[in-house]
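Report on one structure; see the data block that follows.
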């Protein structure tokens, strides 16, 4: 562990979103057994919080057609907190049936993105949440919220912090106490993260906010660092950086879990994860997906793994 | 420009090292005219400080055999500060002759790396610096220092902050007032950056320290952000991220200049550079080198370049 940095929390919780967010846009179906093996490797590495799948229409997202089977493989793990993305009451019923710990309901902070993403205005999304909340009552299944385009919209540009606070308050009023700020297209910056967290934690002190950054513009880990500087304790990432940015072919997407955990450990923030086993899980993800992933630690190895002097050549400087 | 962040400087100076550090390990010789075109595009983008070449043995580093010609193309630019890496008195004489503004003298913070890199103990490197300092006297050419492996050594592991402070003091005593901390193999972390800068600026307040990070473990920009939080104002980077890590085949090396400038601008720190022209320079670097570079902004584009809604597909979240 690195030295503690003033103002940083002692520990942080990473929610692994690779099995859902990371895989959902993969065009080739990943066999259920491979998904299960990947999740198992992430559990082995010490992760305990997962966005494990989504209960969506198999026609809309064929990759997630095995949502119930994936959940069935892990629902007995009482030490793990398993959530699933749920777009409507039908998905919610299936998620409850499958035994998730919480359902993640999502809408965008910008109207254009919500229309594009789920084909309805934001107000209608919120009405849908209320129906799902009713369905969840008495089941013991919690509701979580996700705010997409929380730091900017690819169609509208900047998003006002006020819009995000209002949306989070609406979520809170529906019973959500855990809300993710999704940096859907990598528009978050450290300055925005600081401003957003100050506003949100001041106005909604009873909510835990989770930060989900994309590395699309290279500053994903700098944003996470800025989050830590404000005392944020919940973050989301994807093993190996699974999950590209759907908007730009060559751009990267999710922050890699193993790189995020490295930054945290080196900043004195405990995550309960094992660096070597995270690298192993990232390598498994790369094998499953059949192409190079953007994670850096999985390529460079741990910081203090020294090399024999005759193993390398150098060039001045 | 993004909002200022408490404690951050109003402006920072980026030294572009692509033409030297970025190109030196390229196995195929980059024609002099292309090097000149690249440097010109970087000047057009607003950069004014360059590590432009190195005066080394053409046998040892064939890529830098055109050092004098590259310098000749720009020595009349009085608005640009041009430095060159110099390993010995022979190189120093050539650099002075070529009209550099400053010579960069370098040694490693760890003995093993110095032996590996320049085939002599650190004490011998320092004696060589003294000879070069004598040579430079009265020429008007300044001396700068670079400390390689300043945040860790690939052979020895951790490097003590005391070793770095002592080395910087030795440099200062030879007349260097501008000293680069080189993160040669990407072992810097934000916590180390904070600790190093506190020690160095306390003990050597008459020296400007420049931070040169590698993104080998993904935290290059987080380290730069930590540097800004300590008031650091000098940074080094390479356009597009030119210049791999010589130690790990798939790992990335230098922090990309355009990504660093993006982080700075979005953190309210002026750099005098034009984001679009930096992207153009990065694209030129990619064409010259003939392969994809690790820079992110050059792929994703500026933060607020919005897309028409019918141009993309999305997937939930």
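Looking only at residues in segment A:292-311 that are within 21 Å of the chain's Cα centre (by Cα) and more than 7 Å from chain B (Cβ to nearest Cβ), the one that is farthest from residue A:258 (Cα to Cα) is A:292. Looking only at segment B:78-94, residues that are assigned to a loop (DSSP other than H, G, I, E, B) and crowded, with 21+ Cβ neighbours inside 10 Å come to 2 in all.
Scanning segment A:64-77 for residues that are over 23 Å from residue A:16 (Cβ atoms), more than 18 Å from the chain's Cα centre (by Cα) and outside any loop (DSSP other than H, G, I, E, B) turns up nothing. Can you tell which of A:104, A:118 is surrounded by 15 or more Cβ atoms within 10 Å (Cβ to Cβ) and either in contact with a helix residue (DSSP H, G or I) (Cβ under 7 Å, 6 or more places away or on another chain) or without any contact (Cβ under 8 Å) to a residue 24 or more places away in the chain (or both)? A:118 is the lone residue from the list that is surrounded by 15 or more Cβ atoms within 10 Å (Cβ to Cβ) and either in contact with a helix residue (DSSP H, G or I) (Cβ under 7 Å, 6 or more places away or on another chain) or without any contact (Cβ under 8 Å) to a residue 24 or more places away in the chain (or both).
For the condition more than 8 Å from chain A (Cβ to nearest Cβ), assigned to a loop (DSSP other than H, G, I, E, B), under 25 Å from residue B:154 (Cα atoms) and touching a residue at least 60 places away in the same chain (Cβ under 8 Å), what is the one hit in B:243, B:272? None of the others qualify; the one that does is B:243. The set of residues from segment A:11-50 being in a loop (DSSP other than H, G, I, E, B) and away from every other protein chain (no Cβ under 14 Å) comprises A:12, A:28, A:29, A:30, A:31, A:45, A:46, A:47, A:48. When residue B:136 is tested against the conditions (1) at pLDDT 95 or above; (2) within 25 Å of residue B:227 (Cβ to Cβ); (3) buried (at least 19 other Cβ atoms within 10 Å of the Cβ), the lone failure is (2). Considering only segment B:153-188, state which residues are without any contact (Cβ under 8 Å) to a residue 40 or more places away in the chain and over 17 Å from the mean Cα position of the chain (by Cα). The answer is B:157, B:158, B:160, B:161, B:162, B:165, B:166, B:169, B:172, B:173. Here residue B:4 meets each of (1) within 29 Å of residue B:225 (Cβ to Cβ); (2) in contact with a helix residue (DSSP H, G or I) (Cβ under 9 Å, 6 or more places away or on another chain); (3) within 14 Å of another protein chain (Cβ to nearest Cβ); (4) at pLDDT 95 or above with one exception, condition (4). The one condition from (1) within 21 Å of residue A:204 (Cα to Cα); (2) buried (at least 22 other Cβ atoms within 10 Å of the Cβ); (3) more than 14 Å from chain B (Cβ to nearest Cβ) that residue A:123 does not meet is (2).
Screening residue A:206 on (1) assigned to a loop (DSSP other than H, G, I, E, B); (2) buried (at least 22 other Cβ atoms within 10 Å of the Cβ) shows it passes everything except condition (2). From the list B:98, B:68, pick out the single residue that is in contact with a helix residue (DSSP H, G or I) (Cβ under 9 Å, 6 or more places away or on another chain), touching a residue at least 40 places away in the same chain (Cβ under 8 Å) and over 21 Å from residue B:179 (Cβ atoms). Only one candidate passes the filter, namely B:98. If you go through segment B:31-65 and keep only what is in contact with a helix residue (DSSP H, G or I) (Cβ under 7 Å, 6 or more places away or on another chain), buried (at least 19 other Cβ atoms within 10 Å of the Cβ) and farther than 27 Å from residue B:125 by Cα, you end up with B:35, B:38, B:39, B:41, B:42, B:45.
When each of A:199, A:191, A:224 is tested for being within 14 Å of chain B (Cβ to nearest Cβ), closer than 18 Å to residue A:15 by Cβ and at pLDDT 95 or above, the lone residue that passes is A:224.
Okay, residues lined up against (1) without any contact (Cβ under 8 Å) to a residue 40 or more places away in the chain; (2) under 30 Å from residue B:293 (Cβ atoms); (3) surrounded by 20 or more Cβ atoms within 10 Å (Cβ to Cβ):
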residue	(1), (2), (3)
A:196	no, no, yes
A:214	no, yes, yes
A:255	no, yes, yes
A:259	yes, yes, yes
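The values are calculated or read from the model by the stated rules, or taken from the named source; none is laboratory data. Being a predicted model, the structure only gives us computed values, none of them experimental. Cβ: placed from backbone, ideal geometry, glycine included. Neighbour counts: every protein chain shown.
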